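Reading through the structure tokens given below for one structure.
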């Protein structure tokens, strides 16, 4: 079972992933960009606010990080029957580089398929909230972080609005895979929504 967690900056998906992992014995947790030693080095470049990346170069770095994560972590775990919980996956590329950076979506889908051997999540939890709220959360979080990972938070509000709208468009197009989670409110209330969706769609928590 492969479950991915998606959402704009500050949507709280990482917190909810950790909480869900506590309810699933043996769950494998990973993230994008990152997840392996090499992919984590790529992550440092991608998220560092001092990195001046061309949008296509950014795209290829995400794809390289994803490939390493799929080959080293995700596919081996799925092959042995583990539940994999991944913080971002291919939908992030469509939302951020496609809707956000305005790169052709068909080209992005082709690259995603190539990088992942056409691996598709069984369930994608999309944490949705107004982009202004998410950015305020994210910028507050990163202000106290030891490592600079604020490059995307530095983008203007129009970029983040396009990303959010992109995610919602993807969710409508693949409603059988996506579960839209209201990410406003207290963390325990949001987690109750997560548990309900996972129970209804996968039976993992029954």
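Considering only residues that are out of contact with any strand residue (DSSP E or B) (no Cβ under 8 Å at 6 or more places or on another chain), in a loop (DSSP other than H, G, I, E, B) and in contact (Cβ under 8 Å) with a residue 40 or more places away in the chain, look in region 103-119 and name the one that is nearest to residue 58 (Cα to Cα).
Checked region 103-119; the qualifying residue nearest to residue 58 (Cα to Cα) is 103.
Hey, any hits in region 46-68 for a residue that's part of a strand (DSSP E or B) and either in contact (Cβ under 8 Å) with a residue 40 or more places away in the chain or surrounded by 19 or more Cβ atoms within 10 Å (Cβ to Cβ) (or both)? Working first, answer last.
The initial filter retains those residues of region 46-68 that are part of a strand (DSSP E or B), namely none.
No, because not a single residue in region 46-68 is part of a strand (DSSP E or B) and either in contact (Cβ under 8 Å) with a residue 40 or more places away in the chain or surrounded by 19 or more Cβ atoms within 10 Å (Cβ to Cβ) (or both).
Quickly run through region 1-21 and pick out the residues that are closer than 21 Å to residue 97 by Cβ and touching a strand residue (DSSP E or B) at 6+ places or on another chain (Cβ under 9 Å).
Taking region 1-21 as the starting set, the residues that turn out to be closer than 21 Å to residue 97 by Cβ are 4-11, 13-14.
Correct list: 4, 5, 6, 7, 8, 11, 13, 14.
Every residue, every condition in (1) touching a residue at least 24 places away in the same chain (Cβ under 8 Å); (2) under 18 Å from residue 16 (Cβ atoms), yes or no:
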{"site": "127", "(1), (2)": "yes, yes"}
{"site": "161", "(1), (2)": "yes, no"}
{"site": "167", "(1), (2)": "yes, yes"}
{"site": "176", "(1), (2)": "no, no"}
{"site": "184", "(1), (2)": "yes, yes"}
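Would you check which residues across region 155-173 are part of a loop (DSSP other than H, G, I, E, B) and in contact with a helix residue (DSSP H, G or I) (Cβ under 9 Å, 6 or more places away or on another chain) and list them? Quick ask: steps written out before the conclusion?
Looking only at region 155-173, we keep the residues that are part of a loop (DSSP other than H, G, I, E, B), and these are 155-156.
155 - this is the single residue of region 155-173 that is part of a loop (DSSP other than H, G, I, E, B) and in contact with a helix residue (DSSP H, G or I) (Cβ under 9 Å, 6 or more places away or on another chain).
Just a yes or no: is a residue in region 73-80 free of Cβ contacts under 8 Å to residues at least 24 places away in the same chain, within 28 Å of residue 162 (Cβ to Cβ) and surrounded by fewer than 22 Cβ atoms within 10 Å (Cβ to Cβ)?
Looking for residues that are free of Cβ contacts under 8 Å to residues at least 24 places away in the same chain, within 28 Å of residue 162 (Cβ to Cβ) and surrounded by fewer than 22 Cβ atoms within 10 Å (Cβ to Cβ), one finds none in region 73-80, hence no.
Determine if region 6-15 includes at least one residue that is part of a strand (DSSP E or B), touching a residue at least 12 places away in the same chain (Cβ under 8 Å) and closer than 19 Å to residue 178 by Cα.
yes
Since every read-out is calculated from the coordinates, none of them should be taken as a lab result. On a predicted model such as this, the values are computed, not experimentally measured, just so you know. Every residue, glycine among them, receives a Cβ derived from its backbone with ideal geometry; neighbour counts consider all protein chains shown.
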